[in-house]
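Remarks on the structure that follows.
The values are calculated or read from the model by the stated rules, or taken from the named source; none is laboratory data. Here the structure is a predicted model, which means the values were calculated and not measured. Every residue, glycine as well, gets a Cβ built from its backbone with ideal geometry; the counts of neighbours run over all protein chains shown. Only protein heavy atoms, including side chains, enter the accessible area calculation; ligands, DNA and RNA are left aside. Shrake-Rupley method; radii C 1.70, N 1.55, O 1.52, S 1.80 Å.
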Amino acid sequence: MIQQFADWLVYGLFGLDKTTHLAQSINFFFYDTVKITILLYLISGLMGIVNAYFPVDRLRNFLNTRKLYGLEYFFASLFGAITPFCSCSSIPLFIGFIKGGIPLGVTFAFLITSPLVNEIAVAMFLGVFGLKATLLYVSSGILLGMAGGFILGKFKLEKYLDPWVVEIQKASQKESENWQTENLSFIKRLPQILKDSWGIVKSVFIYIVIGIGIGAAIHGFVPEGFFEQYISKDNIFAVPIAVLLAVPMYANATSIVPIVQVFVAKGIPLGTAIAFMMAVIGLSLPEAMLLKRVMTLKLIMIFFTTVALLIIFSGYLFNIIL
Amino acid sequence: MKIKIYSMGCAKCDRLYQIVQEVVSELGCACQIEKISDIKEMMKNDVLSTPALVIDDKLVCSGRVPDKEEIKKFLNK
């Protein structure tokens, strides 16, 4: 249906010739923009509903009041994926978890997954690569957070936290529900949730358009197999190179997914492309700067190295199984 | 009325500060708006996600930017 709309608009209304690169690029642009906008609205609405019932405060209580026998890594990571993430929230969250007595490793699990999997990236992935690739991306993001949190938890890194954070951790209390949020019925809440998800769509719409625009432009003009000359499938170092290039870079998911799409369309294996994307959105210099306020440089290096290695590993794994 | 905005300085946080200022001047109420970016202060009040809006020491909203109507409702309580 959306394709018909794009065809009608570009070939019919604009009267462009179907066989030209330009017309194909414009068609692709309209099709993707409409599709992704609808998906983003639906997914952020869905996540809004989950969050209304299970905000982070509640997750924290859930994690520190129950014995979960290792499953706490899974829950922390899962909710990291569902929670809408703003990079600057990572600091209060991190400290808040520590303060609530949640182990450092479990906190890391949340912190790793949260930026990796978010509603915008999921909507764009679904629109661009389809269901199977999206499930793969989401589940690997969650697994990565679990593995990263578990490994970092085993390292006994508490001593590398900033001294004032260590103090907080020592004084941590198990129960801390000071704020009471009001309980409204679902029907009363729904309009606000939908309004919020519309707000998300509105605020990122321009970036979606720019991202897809760039993607569409490259899509129509870059020849097949173009990138393969540089990062070929057989090149064993392709994944680590892609990840190392991506770590210092920062782009939000909105602008990176259409570019990743072009990579894949022009011959780069999906695993390499996902690894690249995860490193771009999950690890970045701005995030390191923020974390510097609560961690020593050494801990940040250990954190980044562990996550980068895991991303590289998952990139190889995808390239093998896909 | 004392309004506190907990912010880490991102675009969302700035947006909340701006909207609250607009609402306050529209309502013409004698409110004191304070912007707090100190993490230790945030932890004292147990703010987990920013931007967070606290009115008279009660957390009314966190992790998202409410719209004007919602803020007016918070203020009228």
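Determine the order of A:Tyr69, A:Tyr11 by accessible area, beginning with the largest, at a probe radius of 1.4 Å.
Putting A:Tyr69, A:Tyr11 in descending order of accessible area: A:Tyr69, A:Tyr11.
So what is the calculated 222 nm ellipticity per residue for chain B, using -39500 (n - 2.57) for each DSSP H run with n of 4 or more, over all residues, to the nearest 500 deg cm²/dmol?
Helix-only estimate at 222 nm: -12500 deg cm²/dmol.
For chain A, what does -39500 (n - 2.57) per DSSP helix run (n ≥ 4), summed and divided by total residues, give at 222 nm, in deg cm²/dmol to the nearest 500?
So the calculated ellipticity at 222 nm is -23500 deg cm²/dmol.
For A:Ile151 and A:Leu135, calculate 0.36 nm times their separation in residues minus their Cα-Cα distance, and state this gained length in nm to one decimal.
Net length gain for the segment: 3.4 nm.
Per-residue Cβ counts within 10 Å, from other chains only, averaged over B:56-63: what number is that?
The shielding value for this peptide is 4.
Just checking the output field for A:90-100: average partner chain Cβ neighbours within 10 Å of each residue's Cβ?
4
Which value, in debye to the nearest 20, gives the size of the charge dipole of chain A about its Cα centre, when Lys and Arg are +1 and Asp and Glu are -1 at the Cβ?
740 debye
With just the Cα atoms defining each centre, how far is the stretch A:249-322 from the stretch B:18-42? Give it in Å.
Between the Cα centres of the stretch A:249-322 and the stretch B:18-42 lies a distance of 37 Å.
What's the angle, to the nearest 10 degrees (0 to 90), between helix A:90-99's Cα axis and the longest principal axis of chain A?
It works out to around 30 degrees.
Quick one: which bits of the stretch A:281-316 get at least 20 Å² less accessible when the partner protein chains are in, versus the chain alone, with a 1.4 Å probe?
Buried by the other chains: A:Arg293.
Given a Förster radius of 51 Å and the C-beta distance between A:Phe313 and A:Arg189 as r, what FRET efficiency does 1/(1 + (r/R0)^6) yield to the nearest 0.05?
0.80
Over chain B, what is the percentage of antiparallel beta bridges among all DSSP beta bridges, to the nearest 5?
Taking every DSSP beta bridge within chain B, about 60 percent pair in antiparallel fashion.
Using 1/(1 + (r/R0)^6) with R0 = 22 angstrom and r between the beta carbons of A:Val166 and B:Lys40, what's the FRET efficiency to the nearest 0.05?
Rounded to the nearest 0.05, the efficiency is 0.95.
For the stretch A:1-114, state the semi-axes of the equivalent ellipsoid (square roots of 5 times the eigenvalues of the alpha-carbon gyration tensor), sorted largest first and rounded to whole angstrom.
46, 13, 11
Rounded to the nearest 100 Å², what is the buried accessible area between A and B, both sides summed, probe 1.4 Å?
Interface area, both chains combined: 2200 Å², rounded to the nearest 100.
How high is the relative contact order of chain A, in percent, with contacts defined as C-alpha pairs under 8 Å that are six or more residues apart?
Normalised by residue count, the contact order of chain A is 21 percent.
Could you pull the accessible area for B:Arg15 with a 1.4 Å probe, rounded to 10 Å²?
Accessible surface of B:Arg15 is approximately 110 Å².
Compute the projected area of the convex hull of the Cα atoms of the stretch B:1-59, averaged over all viewing directions, and report it in nm² to one decimal place.
Averaging across all directions leaves 3.6 nm² for the Cα convex hull.
What does DSSP give for the protein assembly as shown in terms of the percent of beta bridges that are antiparallel, rounded to the nearest 5?
Of all bridge pairs located within the protein assembly as shown, approximately 65 percent are antiparallel.
How many percent of all Cα-Cα pairs in the protein assembly as shown sit more than 34 Å apart?
33 percent
Order the peptides A:313-319, A:244-250 from the highest to the lowest mean number of other Cβ atoms within 10 Å of their residues.
So the peptides A:313-319, A:244-250, ranked by packing, come out A:313-319, A:244-250.
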